[in-house]
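What follows is one structure encoded as structure tokens, with my remarks underneath.
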Amino acid sequence: MIKELENFTSKYHGIFDSHAHYNDSAFDSDREELLSSLPSLGVENAVCVGYDLPSSQKAVEIAEQYPHIYAAAGFHPENLEEYSEDGIDRLRPLLAHPKTVAIGEIGLDYHWKEMPPDLQQRAFTRQLSLAREMGLPVIIHAREATEDTLSILKDFTDVRGVVHCFSGSAETAKILAGWGFYIGFTGILTFKNARHPVEACAVVPKEQLLLETDCPYMAPVPWRGKRSCSPMIQSVAERMAEIKGVSAQEMIDIAAENTRRLFGIGGER
């Protein structure tokens with residue numbers, strides 16, 4: 001048994017983890033065991049998200065190996081060392097793969113200040129243009145960069161996408177939802193001090209909410225501080241359901257349908 005899931009009981013079914021990093025080295029010791037066990041733990045699907053060329057290639061390889069896993073490929077704002085037009089050209093075959101459902105994760109992150117903001121903005125805008133060109137949705141990372149994120153996205157409201165791991169204000173969530181973007185929530189929604197995410201979740205229509213782990217990060221209560229994985233979404237679903245006034249299983253079903261709609265899974269891209 002996966003150590004984080006010792007004594008775990010799956011209370012729900014049909015979970016779709018819209019954002020996971022099973023390509024992360026944190027899963028090197030038990031990746032096969034964990035991914036193979038997901039369907040028996042209530043997890044029907046997950047999207048493994050890349051953040052640079054090697055991790056995007058790994059995401060595609062994982063998606064090829066497991067029927068219930070999909071991939072996303074892109075340059076994260078903290079991982080732009082290989083970003084260039086040549087890097088975009090090397091990204092294209094990964095994006096053309098039949099199991100790749102999105103460009104991501106992409107966006108802006110001004111927290112660590114390791115990548116110049118102007119470089120981040122260029123890479124973000126270029127990948128949004130690529131998404132428009134290829135007809136793919138995007139997975140957006142936005143940290144301490146709300147104003148610039150909104151400034152860039154207002155010119156790409158024709159591109160489908162999700163702002164993942166949302167922790168911003170209700171006002172920002174309203175703007176993004178009004179532009180047609182989906183909003184993804186992680187285990188942060190279960191934290192005691194999560195006032196802003198709770199307020200944001202409350203104002204987003206149910207039809208634009210996604211459930212995610214961002215694993216191996218952001219494990220929800222009662223696993224906070226441990227390595228996260230997709231079955232733990234049930235705690236996030238329970239909190240989201242409480243906020244939206246529905247049952248947890250109904251929230252799981254709604255979020256899974258939203259995820260498939262956004263990523264064109266089971267239908268046309």
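The values are calculated or read from the model by the stated rules, or taken from the named source; none is laboratory data. Small disclaimer: the values here were computed from a predicted structure and weren't measured. All Cβ positions, even for glycine, are placed from backbone atoms using ideal geometry, and neighbour counts span all protein chains on display. These accessible areas exclude ligands, DNA and RNA; they are computed on the full protein's heavy atoms, side chains included. Shrake-Rupley method; radii C 1.70, N 1.55, O 1.52, S 1.80 Å.
Measuring between their Cα centroids, region 128-185 and region 220-235 lie 25 Å from each other.
Sort out for me the Cα centre separation of region 50-88 from region 1-27, rounded to whole Å. What the calculation gives is 20 Å, centre to centre. The base-10 log of I(q)/I(0) for the chain, evaluated at q = 0.10, 0.14, 0.17 Å⁻¹, reads -0.44, -0.91, -1.40 [Debye formula, identical scatterers on Cα atoms, solvent excluded].
Of LYS11/LYS226; LYS58/LYS206; LYS192/LYS226; LYS3/LYS244, which ones are farther than 25 Å apart at the Cα?
Working: LYS11/LYS226 20 Å; LYS58/LYS206 32 Å; LYS192/LYS226 17 Å; LYS3/LYS244 32 Å.
From the list (LYS11/LYS226; LYS58/LYS206; LYS192/LYS226; LYS3/LYS244), the Cα-Cα distance tops 25 Å for LYS58/LYS206; LYS3/LYS244.
For region 129-269, which whole-number percentage of the solvent-accessible area (1.4 Å probe, protein heavy atoms only) is attributable to carbon and sulfur atoms?
Exposed carbon and sulfur together represent 48 percent of the surface.
Convex hull volume of the Cα atoms in region 137-192, per residue, in Å³? It would help to have the intermediate numbers written out before the result.
Values: hull volume 4.2 nm³, N = 56.
Looking at region 137-192, the number lands at 75 Å³ per residue.
Only the Cβ atoms of Lys and Arg (+1) and of Asp and Glu (-1) were treated as charged; on that basis the dipole of region 61-179 about its Cα centre amounts to roughly 440 debye.
Using 0.36 nm per residue and subtracting the Cα-Cα separation, the extra length available between GLU81 and GLU61 on full extension is 5.0 nm.
Heavy-atom accessible surface of the chain, averaged per residue, reaches 42 Å², computed with a 1.4 Å probe. As I understand it, the dipole of the chain uses +1 on the Cβ of Lys and Arg and -1 on the Cβ of Asp and Glu, about the Cα centre. Which of HIS111, GLY161, ALA202 lies farthest toward its positive end? So the residue furthest toward the plus end is ALA202.
About its Cα centre, the dipole of the chain is roughly 620 debye, where the only charges are +1 on Lys and Arg Cβ and -1 on Asp and Glu Cβ.
Checking every one of the trypsin sites (Lys or Arg not before Pro) in region 77-137 against DSSP loop status and a limit of 14 other Cβ atoms within 10 Å picks out LYS113. Ligands, DNA and RNA left out, the 1.4 Å accessible surface of region 1-122 is 49% carbon and sulfur atoms. Size check on region 1-97: the Cα extents along the three principal axes, sorted descending, read 48, 23, 20 Å.
Here's how it looks for TYR70: its modeled amide H is under 5 Å from those of ALA46, VAL47, CYS48, which are all 5 or more places away or on a different chain. Region 158-269 has equivalent-ellipsoid semi-axes of 21, 16, 13 Å, by the square roots of 5 times the alpha carbon gyration tensor eigenvalues, sorted largest first.
Report summary: the helix-based calculation at 222 nm, which adds -39500 (n - 2.57) for every DSSP H run with n ≥ 4 and divides by the residues of the chain, gives -11500 deg cm²/dmol.
Could you give the size of the charge dipole of region 112-241 about its Cα centre, using +1 on the Cβ of each K and R and -1 on the Cβ of each D and E, expressed in debye and rounded to the nearest 20?
Dipole magnitude for region 112-241 comes out near 400 debye.
Relative contact order (percent) for region 7-104, with alpha-carbon contacts under 8 angstrom and 6 or more residues of separation? Relative contact order of region 7-104: 25 percent.
What number results when the radius of gyration of region 99-169, computed over Cα atoms, is divided by 2.2 N^0.38 Å? Don't jump to the answer; show the numbers that get you there.
Numbers: Rg = 11.6 Å, N = 71, 2.2 N^0.38 = 11.1 Å.
Taking N as the residue count of region 99-169, the ratio is 1.04.
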